[in-house]
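Here the structure is laid out as structure tokens; the discussion comes afterwards.
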Amino acid sequence: MSVFVTKYAGLHRVLRLGSIKQMQPLCRDERRYNSTSEENRRIPKIYTKTGDKGFSSTFTGERRPKEDHIFEALGTTDELSSAVGLAREFSIDSGHSFTDQLEKIQCVLQDVGSNIATPRSSARDSHIKKTKFSSQAVIELESWIDSFTEELPPLTNFILPVCLFQKYSGGKSSAALHVARAVCRRAERCVAPVVRSGETDPEVAKYLNRLSDYLFTVARYAAMKEGNGETIYRRPE
């Protein structure tokens, strides 16, 4: 049974695949003419009210304060996926070839969230099996990084993340990818204490570490492909 981490009313929820069919919309005619049917009344609302007192649930059913390390890591991972999604939109507009990679990364980040949402201290074997994180994702990132690096000129200076709307310095795709890279670093910092406490798979931290390297590399690659120069750091006089 697959596990999904989604977001309801600002909180992450872990849903089992078996419940998804209850959330599928009715066909157009049923919505128009049968709005008071029993089936319509069973459609879940976007808000659950279960977090109104400052607590939320992990996939294991454990209730924790919203400021817990688990939810901090989950929220930042969600923010990272949104940043990658924005970068992907800019990259699609620019016709880049790596947009499928960014989409796959967003899917893997869902798996990262599932693993984080399953703290080992309260997880049963069935929970751990469903949310196990594969090291193959790290290997794939490394392969992509190596491939892009072969096409890039050597990096001899620090480069500056550029403004999204500064036309001739990196470009929008590159700038958005640098923003995603910075969010990724923060996600990694949030996940680190959860991993050290033994609550999350160490491969998750490794993936985020490698992902920031990928985003840095592909940001440089995007700037090169768009014919935009990188802004080089120069020590102020």
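Each reported figure results from applying straightforward, stated rules to the coordinates on display, with no laboratory input. What you see is a predicted model, and the numbers here were worked out from it, not measured in a lab. Positions of Cβ are generated from backbone atoms using ideal geometry, with glycine treated the same way; all protein chains shown enter the neighbour counts.
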* Asked: Once phi is turned into θ = phi - 60°, what whole-Hz ³J(HN,Hα) does the Karplus curve with 6.51, -1.76 and 1.60 give for every residue of the range 118-131, x standing for Gly and Pro?
  -> 10, x, 4, 5, 10, 8, 8, 4, 5, 5, 4, 5, 6, 10
* Ser197 to Lys129: FRET efficiency via 1/(1 + (r/R0)^6), r the Cβ-Cβ distance, R0 22 Å, to the nearest 0.05? -> 0.55
* **Phi to ³J(HN,Hα) by Karplus 6.51 cos²θ - 1.76 cosθ + 1.60 over the range 54-68, Hz, x for Gly, Pro** => x, 10, 9, 10, 7, 5, 7, x, 6, 9, 9, x, 5, 8, 4
* **Residue-span extension gain [Lys53 to Gln136] - 0.36 nm each, minus C-alpha spacing** => 26.0 nm
* Structure fact -> From the cross-link list Lys130/Lys206; Lys132/Lys206; Lys49/Lys130, the entries with a Cα-Cα span beyond 22 Å are Lys49/Lys130
* Computed FRET efficiency, Cβ-Cβ of Ser94 and Asn209, R0 30 Å: what is it to the nearest 0.05? -> 0.65
